[in-house]
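**Student:** I'd like to ask some things about the structure below.
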Amino acid sequence: MTFNSLDLIEPIIKAVDQQGYKAPTPIQEQSIPLILEGKDILGCAQTGTGKTAAFSIPIIQLLENSVKPTAKRKRIRGLIVTPTRELAIQIGESFEAYGRFTSLKHTVIYGGVKQIKQVARIKAGVDVLVATPGRLLDLMDQKLLSIRDVEMFVLDEADRMLDMGFIHDIKRLLKVLPKQRQSLFFSATMPPNIMKLADSILNNPEKVSVAPVSSTVDIIEQYVYFVDKPNKSFLLQDLLKDEKIDSVLVFTRTKHGADKVVRHLKKKNIRAEAIHGNKSQNARQNALNNFKDKTTRVLVATDIAARGIDVDRLKYVINFDLPNISETYVHRIGRTGRAGREGISYSFCDAIEKEYLRDIEKLIKKKLTLIDGHDFPLMDHDPPKPQQQQGQRNKSSKKTAVTSKKEGAAKKPKRKFYAKKGVRKKGAI
Ligand code: AMP
């Protein structure tokens, strides 16, 4: 199937062409015709499947086709609500990309920054507003914007929205939104509380869904290195000698760990930046922009900060630490291999993390490919667990991150961890 067969207007076809997309993704193929017919949608899809274009393209088409040339003032006719600032900005970029040859105006609002510029753009008139819930309600309370003319409403990443405690905000919005509207609801998972919320928003919806998280990982090549914790930075540095890895997202378990990796790489003149919760919104956005435009080669992120990050053509992900929650691994590597593209992930696994590796392999129902014969093989097969060091043994301690003492050790890698330069397996990296 091609975009031409989706009955799209010329300005959109031109814009999609400019993006270099050859064919619609499955979620786009399913959703676009239904949305153009005016149907409500219950979509089960995660980021990385092309779901943003699946809703923004038909919204642009329907709103562009119903612009009244006589209307003096633009009203907000499309509203997209999404949980995080990063996602809001990314959705805004989609409206920019797919709507650039139409007459529609859009803007993006989110908290954590001054409202003045956002308000000025809304006052100048927008057809489509992309918003996080808090800032949206705040500006509504101040009577600086109205959602009474909304014809198309999207609730994006609904499950994450509830996880983040936005349920009351959403209920408040629903009270003000016009009853007569088209609604599109997207969520990566559909547990009962999400279905209940969907029921309260949608009118006789069509269901669309694409492969669940665990099957999309099949297209990603997944490798694992066994390595001692203090040697992980050196292994990373070594891996980055490969110039093919020109842009890579590295995950660490902690903010402190992310900063430490960045410090190590910078000392070796490798362009790296961290993105985590201790950084200001602006610093996070700048780091993301630098990564997207390739000024920064390595973006080091914690899981929370990396949620929803969408970087075009990201091929490499490195798990500097293995997560103790297997689903997190799937989300992490899902940053690559997007929309059917090639993706490669490398995981660094120390002795303590072998247990997490087993859980991950059980979840994804396959074994990660082991890279052996590298320069930093695992030597310390039985490092003391932090709790044991403190004389505490309890069941939950098994899954706690390795901290303090071991991290202290990481500052000064002991020579004994270095293996003699071995022969790296051919074609390994
Ligand atoms: P999303 O699921 O909306 O986060 O999109 C994931 C990525 O897929 C984004 O980087 C889009 O630019 C890209 N994308 C969306 N639609 C297509 C398509 N039809 N062909 C190729 N890439 C696409």
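**Student:** Kindly report the accessible area of the range 220-370 per residue (heavy atoms of protein chains, probe 1.4 Å, no ligands, DNA or RNA), in Å².
**Tutor:** Computed with neighbouring chains in place, this is 40 Å² per residue.
**Student:** Order the following by accessible area, largest value first: ARG100, ARG263, ARG358. Probe radius 1.4 Å; ligands, DNA and RNA are ignored.
**Tutor:** Result of the area sort, largest leading: ARG358, ARG263, ARG100.
**Student:** Using Cα pairs under 8 angstrom and six or more residues apart, how large is the relative contact order of the range 220-370, in percent?
**Tutor:** Across the range 220-370, relative contact order equals 34 percent.
**Student:** May I ask you to derive the relative contact order of the range 3-210, considering only C-alpha pairs under 8 Å and at least 6 residues apart, and to give it as an integer percent?
**Tutor:** 29
**Student:** For ARG148 paired with MET195, estimate the spin-label separation in nm (one decimal), with each label point 7 Å from Cα along the Cα-to-Cβ line.
**Tutor:** Result for the modelled spin labels: 3.7 nm.
**Student:** Further question: Ordered by residue, what ³J(HN,Hα) values in Hz, to whole numbers, does the range 248-263 give under the Karplus form 6.51 cos²θ - 1.76 cosθ + 1.60, where θ = phi - 60° and Gly and Pro are x?
**Tutor:** Per-residue couplings from phi come out as 9, 9, 10, 9, 10, 6, 10, 5, 4, x, 5, 4, 5, 4, 4, 4 Hz.
**Student:** Expressed as a whole number of Å, what is the distance separating the alpha-carbon centroids of the range 158-237 and the range 328-378?
**Tutor:** 22
**Student:** Read phi for every residue in the range 365-370 and hand back ³J(HN,Hα) as whole Hz from Karplus 6.51 cos²θ - 1.76 cosθ + 1.60, θ = phi - 60°, with x for Gly and Pro.
**Tutor:** Whole-Hz 3J(HN,Hα) from phi for the range 365-370: 6, 7, 8, 6, 6, 7.
**Student:** A further question follows. For LYS39, give me every one of the aspartates and glutamates with a C-alpha distance below 14 angstrom, ignoring sequence neighbours fewer than eight places off in its own chain.
**Tutor:** GLU151, GLU206
**Student:** List, in the order given, every pair from LYS229/LYS268; LYS294/LYS354; LYS68/LYS114; LYS241/LYS367; LYS255/LYS315 whose Cα-Cα distance in the structure shown is over 28 Å.
**Tutor:** Among LYS229/LYS268; LYS294/LYS354; LYS68/LYS114; LYS241/LYS367; LYS255/LYS315, the Cα-Cα distance tops 28 Å for LYS294/LYS354; LYS68/LYS114.
**Student:** I've got another one for you. If you look at just the Cα atoms of the range 3-210, how large are its Rg and its Dmax in Å?
**Tutor:** For the range 3-210, the Cα radius of gyration and maximum Cα-Cα distance read 15.9, 45 Å.
**Student:** While we're on this one: Can you classify the range 1-50 as rounded, prolate or oblate using the Cα gyration tensor, where a ≥ b ≥ c are the square roots of its eigenvalues, rounded means a/c under 1.5, and otherwise it's prolate if a/b beats b/c and oblate if not?
**Tutor:** It comes out oblate by the Cα gyration axes.
**Student:** On the protein heavy atoms, probe 1.4 angstrom, tell me the percent of accessible surface of the range 220-370 carried by carbon and sulfur.
**Tutor:** That share works out to 47 percent.
**Student:** Now for a different question. How much of the accessible area of the range 3-210, probe 1.4 Å, is carbon plus sulfur, in whole percent?
**Tutor:** Taking all protein chains in place, the range 3-210 shows 50 percent carbon and sulfur surface.
**Student:** Please give the length that would be gained between GLN237 and ASN203 if that part of the chain were fully extended, namely 0.36 nm times their separation in residues minus their C-alpha to C-alpha distance (nm, one decimal).
**Tutor:** Contour length minus the Cα-Cα distance gives 6.9 nm.
**Student:** Using a probe radius of 1.4 Å on heavy atoms only, what accessible surface per residue do you get for the range 3-210? Whole Å² is fine.
**Tutor:** Solvent-accessible surface per residue comes out at 44 Å².
The values are calculated or read from the model by the stated rules, or taken from the named source; none is laboratory data. Here the structure is a predicted model, which means the values were calculated and not measured. Here the Cβ is made from the backbone with ideal geometry for all residues, glycine too, and neighbour counts use every protein chain on show. Note: areas computed on protein heavy atoms with side chains; ligands, DNA, RNA excluded. Shrake-Rupley method; radii C 1.70, N 1.55, O 1.52, S 1.80 Å.
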